[in-house]
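**Q** Pasting a structure below so you can have a look.
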Amino acid sequence: MADNLTQTIERPGDAVQDWTAGAAYIDGVVMPLREARIPVTDWGYRRSDVTYDVVSVYFGAFFRLRDHLRRFRGSMEKLRLNPRESDEEIAAILTDLVRRTGLREAYVAMDCLRGRPPAGAPYHPAYSRNYLICFAMPWVWVFTPEQQERGVHAVIADTPRIPLESVDPTAKNFHWGDLTRASFEAHDQGAETAILLDFAGNVTEGPGFNVFAVVDGTVLSPPRGALEGITRLTVFELCESLGVPHEIRTISRAEIEGADEIFLSTTAGGVMPVSRLGARILGNDRPGPIASSLRKAFWDRRREGWHATPIAYLRSQAGELAGEDHPMR
């Protein structure tokens, strides 16, 4: 990293800090995650004026780190956020945080927040300083391995997705009002999650994941109203290698309700089959064959080092690095 950033990343007493619950970087300072704070007056908090990305660490390596950094930078540019750290510096910060924790399976986030205008400046976002927050914490599953094994239970929400003309879903953001409301709809119906439609009645995405339907042997994913997921990209690559037809096109409500299979994808879970959609039980109430094969291939190839950026852990952590678990074992 650049010298001016390196000088601010260390602080007295780091050697005696407990990093096992997570580590955070806020605007040039590293601290245990439990100490991480932001000002309540910043617009990142008060206006959800923030973009973020999340990269996973599993088997002691980042997965598609460069792709996540590329998307994060693209999201920042769309929202006119420009922190002082370069992509290379962000990569170094994320690596440093994971090394401090010693975690072989970690949820690693990078956020860029808009602060607030300084005293005397016009009260406009153009005059607010932007700053970076990063943190690494123990791995988080969107759905447990047990839920994935038997298939996630989902509903189609009555709440529509925020129109892309209002909030661009390809710039990862904290505008989760519709997603949270849909999550409560699912919970009230005894399901685990929801799939949201747009105002035309077509599939978009769910709370933190992309959606796929399998129709006549072809894997489908919608072209609009959803994040361009890194795991979604991975699904397409797996389809290519396994000879599974795939297509990005509009999926109507009727089409997903009648699909042969449904599955979801996200950084914090990989490929996650669905076995129930509302009152409908798909197949034999278990994950379908295409979703199952993609899920298995995803974890097999990650274990083999596919798209991996290995982390050079501290030598003192060597005894903690064996015996990792994962959902396909």
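**Q** What number goes with the only condition from (1) out of contact with any strand residue (DSSP E or B) (no Cβ under 9 Å at 6 or more places or on another chain); (2) at pLDDT 95 or above; (3) more than 28 Å from Arg232 (Cα to Cα) that Gly74 does not pass?
**A** Among (1) out of contact with any strand residue (DSSP E or B) (no Cβ under 9 Å at 6 or more places or on another chain); (2) at pLDDT 95 or above; (3) more than 28 Å from Arg232 (Cα to Cα), Gly74 violates only (3).
**Q** Sticking with this structure for a sec: If we only count helices (runs of 4 or more DSSP H) wholly inside region 212-315, which ones have 3 or more residues that are more than 23 Å from Ala194 (Cα to Cα) and touching a residue at least 60 places away in the same chain (Cβ under 8 Å)?
**A** Because the criterion is at least 3 residues that are more than 23 Å from Ala194 (Cα to Cα) and touching a residue at least 60 places away in the same chain (Cβ under 8 Å), the helices (runs of 4 or more DSSP H) in region 212-315 that meet it are 289-303.
**Q** Could we say that Pro207 is more than 30 Å from Arg286 (Cα to Cα), in the same structural domain as Leu233 (by TED's automatic domain parsing), modelled with pLDDT of 95 or more and surrounded by fewer than 21 Cβ atoms within 10 Å (Cβ to Cβ) here?
**A** When the stated conditions are applied, Pro207 does not pass them.
**Q** Where residues in region 32-50 are in contact with a helix residue (DSSP H, G or I) (Cβ under 7 Å, 6 or more places away or on another chain) and in a loop (DSSP other than H, G, I, E, B), which of them is nearest to Ala106 (Cα to Cα)?
**A** Among residues in region 32-50 that are in contact with a helix residue (DSSP H, G or I) (Cβ under 7 Å, 6 or more places away or on another chain) and in a loop (DSSP other than H, G, I, E, B), the one nearest to Ala106 (Cα to Cα) is Ile38.
**Q** Among (1) farther than 20 Å from Thr309 by Cα; (2) modelled with pLDDT of 95 or more, which single condition is Thr20 missing?
**A** (2) is the only condition that Thr20 fails.
**Q** Pick from region 8-17 the residues that are part of a helix (DSSP H, G or I) and under 22 Å from Leu113 (Cβ atoms): which of them is modelled with the lowest pLDDT?
**A** So the residue we want is Thr8.
**Q** Identify, by number, the condition in (1) surrounded by fewer than 19 Cβ atoms within 10 Å (Cβ to Cβ); (2) closer than 30 Å to Ala259 by Cβ; (3) without any contact (Cβ under 8 Å) to a residue 60 or more places away in the chain that Val140 doesn't meet.
**A** The failed condition is (3).
**Q** Something else: Which is touching a helix residue (DSSP H, G or I) at 6+ places or on another chain (Cβ under 6 Å), at pLDDT 95 or above and among the hydrophobic types (A, V, I, L, M, F, W, C), of Ile262, Ile311, Ile256, Ile281?
**A** Just a single option satisfies the conditions, and that option is Ile311.
**Q** Report those helices (runs of 4 or more DSSP H) wholly inside region 51-156 carrying at least 2 residues which are assigned by TED's automatic domain parsing to the domain that holds Pro289.
**A** Ranges flagged: 145-150.
The values are calculated or read from the model by the stated rules, or taken from the named source; none is laboratory data. Small disclaimer: the values here were computed from a predicted structure and weren't measured. Methodologically, a virtual Cβ is constructed for each residue, glycine included, from the backbone with ideal geometry; neighbour enumeration extends over all protein chains shown.
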